[in-house]
Amino acid sequence: MVDDAPLTAMRARELGRKSVVVGDRVRLVGDVSGSAGSLARIVRIQERTSVLRRTADDDDTTAEGRVERVVVANADQLVIVSALADPQPRTGFIDRCLVAAYDADITPLLCLTKADLAGPEEVLGYYAELDLPYVLSAPDGDLTELRKALAGRVSVMVGHSGVGKSTLVNRLVPDAFRAVGIVSAIGKGRHTSTSAVALRLPDRKRPSWIVDTPGVRSFGLALVSADSLLHGFPDLVEGTVDCPPNCEHTETDPECALPAWVEKGHADARRLESYRRLLSSRSGGDGLEGPDRG
């Protein structure tokens, strides 16, 4: 989009295999009028200020774990959309998104939908030590707080299918017409959005964009370093001060100080369990087990 006018452009051959992703800022040549039948060329991709990425697998020794999938470039906020019920919240997935956000230096925002069906106390209690910003949403409820949080930002929205993400997008951008699915009887959403798309919010005073992404079943972290993985759990970082050198913080490290840190009430035991589950999944273990995980 140039000067608020949509146009069609193709990637120039000189860019080689360098891909263009949603959120990229590019240099164009050719016909940039946006008139019917016009075609411009993308000849340069500007340096990215942030890159939100994921893999299909946590283990970087697998083919799926070695392939980087860029979700969006140049975003400054990650809106993690999770339903409070139908389907039940999956804190394991939220934890993964938080790790990816901190690794990309993107501010996270937790958006809890279907607040008419359940209260947020359990989920918020799990993240009590993080002071994680959040907003609540209910069908036909007021979106003032969410709009304030989105104003002046480029926000990427992620979430499992069925959590109401597309419904939110349609309410925020009435002419978006994002497909809305249903939730099956066993609580699994049907995938609706099939591709990421950037949408401008109707706010002329503070230019704001949201990037709606397809519903995802997993958020692989194979490309996130072990140190960055820990810093995705800031409530546990201080607890590693008394760990021996080169401690990997797994259950097989008998001198790891994290269990004692948790036992003293400095952090929620479920957070340590989630962190160690992610560590295990990086080495090929099952990191997605459990009803509220992955």
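Quick notes
- Test: residue 94 is under 19 Å from residue 165 (Cβ atoms) and either surrounded by 15 or more Cβ atoms within 10 Å (Cβ to Cβ) or in the same structural domain as residue 268 (by TED's automatic domain parsing) (or both): yes
- Elements of type strands (runs of 3 or more DSSP E) contained in the range 1-59, each with 2 or more residues being over 23 Å from the mean Cα position of the chain (by Cα) and aliphatic (A, V, I, L, M): 9-11, 26-30, 40-45
- Residues in the range 143-173 that are free of Cβ contacts under 8 Å to residues at least 24 places away in the same chain and not basic (Lys, Arg): 144, 145, 170.
- Of the residues screened, residue 99 is not one that is assigned to a strand (DSSP E or B) and either aromatic (Phe, Trp, Tyr) or closer than 23 Å to residue 161 by Cβ (or both).
- Of the residues in the range 62-75, at least one is touching a strand residue (DSSP E or B) at 6+ places or on another chain (Cβ under 7 Å), modelled with pLDDT of 95 or more and farther than 24 Å from residue 16 by Cβ.
- The number of residues in the range 1-30 being more than 21 Å from residue 211 (Cα to Cα), surrounded by 13 or more Cβ atoms within 10 Å (Cβ to Cβ) and free of Cβ contacts under 8 Å to residues at least 24 places away in the same chain comes to 1.
- Hits in the range 185-212 (condition: hydroxyl-bearing (Ser, Thr, Tyr) and either touching a Ser or Thr at 6+ places or on another chain (Cβ under 7 Å) or modelled with pLDDT under 90 (or both)): 192, 193, 194, 195
- In the range 219-264, of all residues being among the charged types (D, E, K, R) and not in a helix (DSSP H, G or I), the one that is farthest from residue 55 (Cα to Cα) corresponds to 264.
- Residues that are touching a helix residue (DSSP H, G or I) at 6+ places or on another chain (Cβ under 8 Å), under 19 Å from residue 225 (Cα atoms) and not charged (D, E, K, R) are absent from the range 79-90.
- Some residue of the range 104-127 being surrounded by 19 or more Cβ atoms within 10 Å (Cβ to Cβ), of a type in the set (Lys, Arg) and modelled with pLDDT of 95 or more: yes
The values are calculated or read from the model by the stated rules, or taken from the named source; none is laboratory data. From a predicted model like this one, the values you see are computed outputs, not experimental measurements. Positions of Cβ are generated from backbone atoms using ideal geometry, with glycine treated the same way; all protein chains shown enter the neighbour counts.
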